[in-house]
Amino acid sequence: MSSNSKIEHRLLKTTAVSFLSTALSIIIQLISVPICLRYWGKTTYGTWLALSAAYTILRTVDGGFTSFVGNKLNMLYHQDQQEMRKVLASAVWGVILLGSLQIVIVLALYFSNSMSLIMGSAVSGISTSQTIFGLMVMSLTWILTGSYIGVLHRFLIPNGMLYQLLWWVMLLQVSQSLSIMLAAYLQLSVFNAALFFAFAQAAVYICSAFYIKWRLPQFYPWLSGAKLKIGLREMVQSFPMTINGAVQQAGNSGVVILISVVLGAAVIPIYSTMRTLSNLWTTVTNIVTAPLLPDIVRFHATKEPRKFIMIHKTHILLMSIIINLSIMLAYPLIDTVYLYWTRGKF
């Protein structure tokens, strides 16, 4: 099979999984919103959304590091695999240091009784301890299971396993969503919902680690030869990406917290549902973008500008057709869909 045929075959496979993942994401959102609103009500559901936003912002502490190391592994895989192994192993030090910082932040919120300042009126009628302990549980399970394994997930891409990675990402998304819907259906507290969410997340990450060990045994043990110096170097170099991620989350999750503080938890579901509809086309964009990423990195690393430009031209053409056409077709239906989706509660 020729090089172009291999790329096309891989593109079709990954696009199919991306399409399935997007379809499931849309279906889950369509189902989860009315379930959570019915069994939790606007205030409890809004409180959960505010807690999720705080958790997402906290994850930006190591999010830039994970992305930076993942990108570097992609490059080094095609250039220097010996150095790649060192970076992969030493990433654990960055995870430990940044994870410790996240724990310090959560403990500072706890001992200073500052959670109410972040959650605002989202904790009205719900004890502050529920939200702070929920944040602790979610953060600890992320640090212990998700942070470094998230680096391993990025490592699948240069190994030609984006297709498999997309399945794991889809499983993670489905398990997290189902855990929250189950918590809402059982009318559990926000803290218990955080437990459900953390367990589902940790289970998927741990299972994926065993899968990566099985499929790529030549790179195991991953932590062999880990060096603090290299981990610190990568952590410092990742600061621009961390800052960029923090700014982006300030415009996403930060707005949710601001609404919680100023207007109250019951208003958050209104904003969240409207944003979900507006972000639909970003999700559709990822269907076509994600399958192209391994080849974009490879063509850049191997210095093949002609193929690099060809990939970008293909991406622009596909986006122009898919996005513009879908917007025109969906626009007249948005109002009706929104009212039916939220059962007229807003």
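None of the figures in this text is laboratory data; all of them are computed from the coordinates on show. Predicted model only: the values in this text are computed from it and were never measured. All Cβ positions, glycine included, derive from the backbone under ideal geometry; neighbour counts span all protein chains shown.
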Fill in: Relative contact order of the stretch 120-276, pairs being alpha-carbon contacts under 8 Å that are 6 or more residues apart, as %
36 percent
Response to the item:
Length-normalised contact order of the stretch 79-197, Cα under 8 Å, at least 6 apart, in percent, tallies to 29 percent
Response to the item:
For 142-155, 183-196, ranked highest to lowest by mean beta-carbon neighbours within 10 Å, the order is 142-155, 183-196
